[in-house]
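Chemist: Before anything else, here's the structure in question.
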Amino acid sequence: MILAPSLLSADFGNLERELRSLEDAGLTWVHIDVMDGCFVPNITLGPPVIKRLRKNSRLFFDVHLMIIAPERHIAAFIDAGADMLVVHAESCARLDDTLREIRRSGTMAGAAVSPDTPVRTLETVVPLLDSALVMSVHPGFGGQSFIPESPGKVRELRTMLRERGGQAVIEVDGGVDPDNTPHLVAAGADVLVSGSAFFSRPPYAARLQDFLRAAAGARPDA
């Protein structure tokens, strides 16, 4: 299990320091939520901030584009230093073309589905996916409660990927904490995105161990 702390819940006045703290604590990924005020109500950060952070961080930048028409901005986020771009199935006119454009750049490509979107929406693009992300809250706000049906959706996604020969990792984003971690890992999740449940409980090295111990106790589903 890879834990990807969501930068949305970090101290925005000290982002470079937060990234250094994550590295020092043994984290390898950071999840960066990009919101445009259209696809979701909030507005967060864009390519200039990510580019500045990239210069001072070795973390894997998992950039989650919660924006309308992400294909218009792919080049900018790749130039900023994203290691992976995750776009929403609901916001792409042609999801397959968008994923191909990302992959042509040499950047990893992912697709996300919101809680009301069936995972089968991704069935036709499985060969193009490095990551398939299940939103376990409604996108747009941090600190929401975890949707209890999410492990079932992860399980369905895992089955679909197996059926289609997919190699994508499964990510889960929203309301993730050590209590629901065993259920998500058992269902097939590979990457867990955690915001307030992670950043609100320093020191970060100890909090990472909380999640790792919870994942180690999971019993994989058949």
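Chemist: Do you know which residues across segment 125-173 are aromatic (Phe, Trp, Tyr) and crowded, with 17+ Cβ neighbours inside 10 Å?
Modeler: Step one: filter segment 125-173 for residues aromatic (Phe, Trp, Tyr), giving 141, 146.
Answer for segment 125-173, where residues must be aromatic (Phe, Trp, Tyr) and crowded, with 17+ Cβ neighbours inside 10 Å: just Phe146.
Chemist: For segment 96-108, which residues satisfy the criterion of being buried (at least 20 other Cβ atoms within 10 Å of the Cβ) and more than 17 Å from the chain's Cα centre (by Cα)?
Modeler: Once the filter is applied, which keeps residues that are buried (at least 20 other Cβ atoms within 10 Å of the Cβ) and more than 17 Å from the chain's Cα centre (by Cα), segment 96-108 yields only Thr98.
To keep it simple, each residue is scored yes or no on (1) within 18 Å of the chain's Cα centre (by Cα); (2) within 24 Å of Ala218 (Cβ to Cβ); (3) of a type in the set (Phe, Trp, Tyr).
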| position | (1), (2), (3) |
| --- | --- |
| Gly110 | yes, yes, no |
| Asp116 | yes, no, no |
| Glu123 | no, no, no |
| Leu128 | yes, no, no |
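Chemist: If Asn42 passes every condition in (1) surrounded by fewer than 21 Cβ atoms within 10 Å (Cβ to Cβ); (2) under 22 Å from Glu101 (Cβ atoms) but one, which one does it miss?
Modeler: (2)
Residues are listed down the side, and each one gets a yes or a no for (1) out of contact with any Asp or Glu (no Cβ under 8 Å at 6 or more places or on another chain); (2) more than 26 Å from Gly110 (Cα to Cα):
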site: Asp177; (1), (2): yes, no
site: Leu184; (1), (2): yes, no
site: Ala189; (1), (2): no, no
site: Leu192; (1), (2): no, no
site: Ala206; (1), (2): yes, yes
site: Ala215; (1), (2): yes, no
site: Arg219; (1), (2): yes, yes
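Chemist: What's the number of the only condition in (1) surrounded by 20 or more Cβ atoms within 10 Å (Cβ to Cβ); (2) out of contact with any Asp or Glu (no Cβ under 6 Å at 6 or more places or on another chain); (3) over 15 Å from Leu161 (Cα atoms) that Asp116 fails to meet?
Modeler: For Asp116, the failing item is (1).
Conditions (1) under 18 Å from Asp62 (Cβ atoms); (2) among the small types (Gly, Ala, Ser), marked per residue:
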| site | (1), (2) |
| --- | --- |
| Thr98 | yes, no |
| Gly106 | yes, yes |
| Thr121 | no, no |
| Phe146 | no, no |
| Pro151 | no, no |
| Gln167 | yes, no |
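Chemist: Can I ask one more? Out of curiosity, is Val137 part of a loop (DSSP other than H, G, I, E, B) and modelled with pLDDT of 95 or more?
Modeler: Criteria met by Val137.
Chemist: Sticking with this one: Of all residues in segment 179-222 being under 22 Å from Asp24 (Cβ atoms) and among the β-branched types (Val, Ile, Thr), which is surrounded by the most Cβ atoms within 10 Å (Cβ to Cβ)?
Modeler: Among them, the one singled out is Val193.
Chemist: Now for a different question. Taking segment 99-134 on its own, how many of its residues are small (Gly, Ala, Ser) and over 19 Å from Glu156 (Cβ atoms)?
Modeler: At the first step, the residues of segment 99-134 found to be small (Gly, Ala, Ser) are 105-106, 109-112, 114, 131-132.
Then drop every residue that is not over 19 Å from Glu156 (Cβ atoms), which leaves 105-106, 109.
Number of matching residues: 3.
Chemist: Another question, if that's okay. Between Thr159, Thr121, which is farther than 22 Å from Gly106 by Cβ, without any contact (Cβ under 8 Å) to a residue 24 or more places away in the chain and among the hydroxyl-bearing types (Ser, Thr, Tyr)?
Modeler: So the residue among Thr159, Thr121 that is farther than 22 Å from Gly106 by Cβ, without any contact (Cβ under 8 Å) to a residue 24 or more places away in the chain and among the hydroxyl-bearing types (Ser, Thr, Tyr) is Thr159.
Chemist: Does segment 73-92 include one or more residues that are surrounded by fewer than 18 Cβ atoms within 10 Å (Cβ to Cβ), modelled with pLDDT under 95 and more than 18 Å from the chain's Cα centre (by Cα)?
Modeler: no
Chemist: Any chance you could count how many residues in segment 3-22 are touching a strand residue (DSSP E or B) at 6+ places or on another chain (Cβ under 9 Å) and over 21 Å from Pro139 (Cα atoms)?
Modeler: Going through segment 3-22 one residue at a time, the tally reaches 3.
Chemist: Sort through Val185, Val169 and tell me the only one that's over 13 Å from Pro151 (Cα atoms), out of contact with any His (no Cβ under 6 Å at 6 or more places or on another chain) and in contact (Cβ under 8 Å) with a residue 24 or more places away in the chain.
Modeler: Checking each option against the conditions leaves just Val169.
The values are calculated or read from the model by the stated rules, or taken from the named source; none is laboratory data. Since this is a predicted model, take the numbers as computed values, not measurements. With ideal geometry, Cβ positions are generated from the backbone for all residues, glycine too; neighbour counts draw on all protein chains shown.
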